[in-house]
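Structure first, commentary second.
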Amino acid sequence: MIAPKPLQLEFAEDLFNSAAKCMCLTKYFVCLLLIVGKSAAAEKPPLAAGPQYDSTHVYVAPEDFNKFVASVIATFGGTASKQGVFTVTPTPSSTMSQLVLTPVGTISVFGFKTPVPYPFGLERTGYLVTNIEAAVKEARAAGADILVAPFNDPIGRDLIIQWPGGINTQLYWHTTAPNYPALKSVPESRIYVSTGRVAAFIHSFLAFSHGRIASDETHAPGTDIGRPGYSYRRIKIVSSFGKMTVFATDGQLPYP
């Protein structure tokens, strides 16, 4: 005959079994939350519309406008949108405007007939985003400053942000989503930033773009930027917004 277990032993075993069940349930719910969180992140639509929708901003004198557009198309091929005169800033202004679509990148050409309102003209790139409100939220969270709050333009909405290091970028959204052909070659946006702010810039841009560092040369040859005998840091970044090369220098660069 098997002797009955002492009450203390039975209680200890029951307590152990209950604790084990609780631990299993806890692990289950933690795993479930992780899966749900990852699924929600995966379902979150990307901000970038694609590199063919990102444009290099070029400001030219009105008298040179047509010659510039013609020379770009003659050099790279492609087509140009219908030229017009618009107000593309939140304050009164007037500019000639035309979009040049080439197989190697898109150019937004502006020929202001009035003084250019600050800070327009200091940005070199415009990124088309799929959601302007989400872009503002993501940019702020990544450490960018909103220089010009979202405003309406003739075909959508725009804003200008500034990354750490003083780099300006325009974000824009179209009321009617455009449909441009994919690029044969994705152009490289070149950013010049000080050595003291390059880490902050890279951290901020990667957080916003969800991109990655393709290469990081801490001692790139200065001959590439007209400074024989000098070395600088060169970082290449790839994201859904396209390609970017960051030049971290002391700012003592020859022209051009």
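Key figures for this structure:
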item	result
Backbone N within region 139-153 under 19 Å of label point (7 Å from TYR118 Cα along the Cβ vector)	145-150
3J(HN,Hα) from dihedral phi, region 191-202, Karplus parametrisation 6.51/-1.76/1.60, rounded to Hz, x for glycine, proline	10, 10, 9, 6, 5, x, 10, 5, 5, 5, 4, 4
Alpha-carbon centroid distance for the pair region 132-149 / region 160-203, whole angstrom	13 Å
Region 109-187: C-alpha gyration tensor shape, a/c 1.5 cut-off, then a/b vs b/c	rounded
Rounded to whole Hz, the Karplus (6.51, -1.76, 1.60) HN-Hα couplings of region 169-184, x for glycine and proline	9, 9, 10, 9, 9, 9, 4, 10, 4, x, 9, 9, x, 4, 7, 6
Kirkwood-based Rg to Rh ratio, region 110-256, C-alpha trace	0.99
Placed amide H near ASP54: partners under 5 Å, 5+ positions off or other chain	LEU128
Prolate/oblate/rounded label for region 188-249 (Cα gyration tensor, a/c 1.5)	prolate
5 angstrom amide H check on ALA214, placed H, neighbours 5+ away	LYS236, ILE237, VAL238
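Every number here is computed from the coordinates shown, using simple stated rules; none is lab data. Quantities reported herein were computed from a predicted structural model and do not represent experimental measurements. Every residue, glycine as well, gets a Cβ built from its backbone with ideal geometry; the counts of neighbours run over all protein chains shown.
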